[in-house]
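The values are calculated or read from the model by the stated rules, or taken from the named source; none is laboratory data. Note that the structure is a prediction, hence the values are computed from the model and not measured. Note that each Cβ is placed from the backbone with ideal geometry, even for glycine, and that neighbours are counted across all protein chains shown. Side chains included, ligands, DNA and RNA excluded: accessible areas come from the protein's heavy atoms. Shrake-Rupley method; radii C 1.70, N 1.55, O 1.52, S 1.80 Å.
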Amino acid sequence: MTASLVFSIANTFVLVGWILLIFAPKWERTQQIVLYGVVLVLSLTYAFLIAPTLANFSPDTFSTLENVMALFTQEQAVAAGWVHYLAFDLFVGAYIVREGISLQIPRWQYTLCLPFTFMFGPIGLLFFLLFKAIK
């Protein structure tokens, strides 16, 4: 399977989790499907993508901006990095929904954070933490 195909499939597959978090946040199965379905599959995909490179891994790979830029000139590394983002952003989205419900934050507030988390990761979390602090 090519890196491009993995990228396309992961981009579509992750939408299942985001749709559930946005439209069915209180459904008893949403968190299970998101965490033990979508995030788990994305995590396994990530592991599959990076497994062939682990034998040659060097901690120096992430020691400078130039090294990271060199790493991301390879399609497989970019696809793995993207799947990494998709998995972690969705994990954070699931946290936002769980915590929002638990703290009785108005649904519109925690739901508003989700598209920002999907598209801009930490910015969505920042918005949620602000709502949480105000609560």
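Before moving on, here are some points about what is shown:
- Heavy-atom surface analysis with a 1.4 Å probe gives region 29-108 a carbon and sulfur content of 66 percent of its accessible area.
- Solvent accessible area, Å² - Phe57, 1.4 Å probe, full protein context: 110 Å²
- Using heavy atoms of the protein chains and a probe of 1.4 Å, the accessible area assigned to Ile101 is about 60 Å².
- Entry comment: accessible area of the chain is 63 Å² per residue, from protein heavy atoms only and a probe of 1.4 Å.
- Span per principal axis, largest first, for the Cα atoms of the chain (Å): 47, 30, 20
- Volume of the convex hull of region 1-58 (Cα atoms only), normalised per residue: 88 Å³.
- Computed from the Cα positions only, the extents of region 46-120 along the three principal axes stand at 47, 23, 20 Å, in decreasing order.
- Distance between modelled label sites at Gln32 and Phe57, nm, 7 Å Cα→Cβ extension: 3.2 nm
- Calculated on alpha-carbon atoms, Rg and Dmax of region 25-88 in Å: 14.9, 46
- Cα extents of region 91-135 along the three principal axes, largest first (Å): 24, 17, 14
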